[in-house]
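Data first, discussion second: the structure below is written as structure tokens.
The values are calculated or read from the model by the stated rules, or taken from the named source; none is laboratory data. Note that the coordinates shown come from a computational prediction; the quantities given were computed from them, not determined experimentally. We place every Cβ from the backbone using ideal geometry, glycine too, and count neighbours over all the protein chains shown. The accessibility values were calculated without ligands, DNA or RNA, using every heavy atom of the protein model including side chains. Shrake-Rupley method; radii C 1.70, N 1.55, O 1.52, S 1.80 Å.
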Amino acid sequence: VTGDVKNNCEIVYHEPSQRNIILRVDDIQANVWVNPQIKIVKDTLKRNKTLTLGVIPINLLEDKEISRLLIERKCKLEIALHGYDNSFLEFADLNLDEAHEKLEKGLDVLNKFDENIVTFIPPNNDLSAGSRQALNDLNFKIISSGYEETDYEYTQTTFNWDTNEIVDYEEILESCNKTLDSGEPCVIMIHPQDFLTENELDYNKYQNYIGLLDG
């Protein structure tokens, strides 16, 4: 269903029950892994696919390359708030006022790129009751985490932290098909650092992401 036009971008709405695959790239941020972040976005859009970007606001405006990427490609991307500084369990123990303050600081930054931020990705997938209430007060529509009973929890990931290895794209696609067959959207969680070796892009690892896109 085509919605209204906001920020000069046409918004298209999809129901969760449709066979949707969502590519969710977390840890989009300033001053680190800049080239891998840009490459992921450009290679995805080149294949006529879109992304939800979990953006960390702190210091974002200092990074001209990432800021330019978000501005130039804003109609092809969803920008989601991924904490404020993405520190460990950042929103796990905040009270209502503390959560409000952090969320508003994050929105002040991200609203420079998109005035309609509706998705929150909790750092480390953990939220206090105060944080949940603050998100509701600020009109967030979606919490995308790893264990919540929500429409858009992540269901697949490109990296296995138990084995410290890339997950083969064919395995991801097979699992995604099962999720889609069950009537749920398949949300694939991706991090730019998944494809690095010693903080440099590892093209052998990255080819697995290209295989995922093409598959």
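Around the amide H of Ile22, modelled in the peptide plane, lie the amide H atoms of Cys186, Val187, Ile188, all under 5 Å away and 5 or more residues distant in sequence or on another chain. Normalising the Debye intensity of the chain to I(0), with uniform scatterers on Cα atoms only, and taking log10 at q = 0.09, 0.17 Å⁻¹ returns -0.34, -1.34. Couplings 3J(HN,Hα) for the range 80-90, derived from phi with the Karplus relation 6.51 cos²θ - 1.76 cosθ + 1.60 (θ = phi - 60°), are 10, 7, 10, x, 9, 10, 6, 5, 4, 6, 4 Hz, where x marks Gly and Pro. Segment Leu61..Arg47, full-extension length gain: 2.3 nm, with 0.36 nm per residue of separation and the alpha-carbon distance subtracted. Considering only Ser131, His100, Val118, the residue lying farthest towards the positive end of the dipole of the range 85-150 is Val118, judged by Cα position with unit charges set on Cβ.
Projected onto its three principal axes, the C-alpha set of the range 45-84 covers 30, 20, 13 Å, listed from the longest axis down. Listed by chain and number, the lysines whose C-alpha is less than 18 Å from the C-alpha of Lys205, apart from same-chain residues fewer than 8 away, are Lys39, Lys42.
Considering only Asn35, Asn111, Asn164, the mean-square fluctuation computed in a Gaussian network model of the chain, springs between alpha carbons under 10 angstrom, is largest for Asn164. Around the amide H of Glu153, modelled in the peptide plane, lie the amide H atoms of Ser145, all under 5 Å away and 5 or more residues distant in sequence or on another chain. Close amide H partners of Leu51, meaning residues 5 or more places away or on another chain with modelled amide H under 5 Å apart, are Glu78. In the structure shown, the pairs Lys46/Lys102; Lys105/Lys178; Lys74/Lys105 are assessed against 32 Å; a Cα-Cα span above that value is assigned to Lys46/Lys102; Lys105/Lys178. Taking all Cα-Cα distances within the range 1-117, those exceeding 17 Å account for 58%. The residues of the range 46-165 expose, per residue, 52 Å² of accessible area to a 1.4 Å probe. In a DSSP loop and with at most 13 other Cβ atoms within 10 Å, the GluC sites (Glu not before Pro) in the range 172-215 are Glu198. Note on Ile210 and Glu170: their simple-model spin labels are 1.8 nm apart, each label 7 Å out from Cα toward Cβ. For the pair Ile38 and Thr163, label points projected 7 Å from Cα toward Cβ lie 3.4 nm apart. Rounded to whole Å, the principal axis extents of the Cα atoms in the range 106-215 read 44, 36, 26, largest first.
Placing +1 on the Cβ of every Lys and Arg and -1 on the Cβ of every Asp and Glu, with no other charges, gives the range 80-159 a dipole of roughly 160 debye about its Cα centre. Using the alpha-carbon positions of the range 125-187, Rg (one decimal) and Dmax (whole number) come out as 14.5, 41 Å. Considering only Val12, Tyr206, Val55, the residue lying farthest towards the positive end of the dipole of the chain is Val12, judged by Cα position with unit charges set on Cβ.
Each label was represented as a point 7 Å from its Cα along the Cα-to-Cβ direction; for Ile11 and Gln133 these points are 2.7 nm apart. Once each of the chymotrypsin sites (Phe, Trp or Tyr not before Pro) sitting in a DSSP loop with at most 13 other beta-carbon atoms within 10 Å is removed, the chain keeps 14-87 as its longest stretch.
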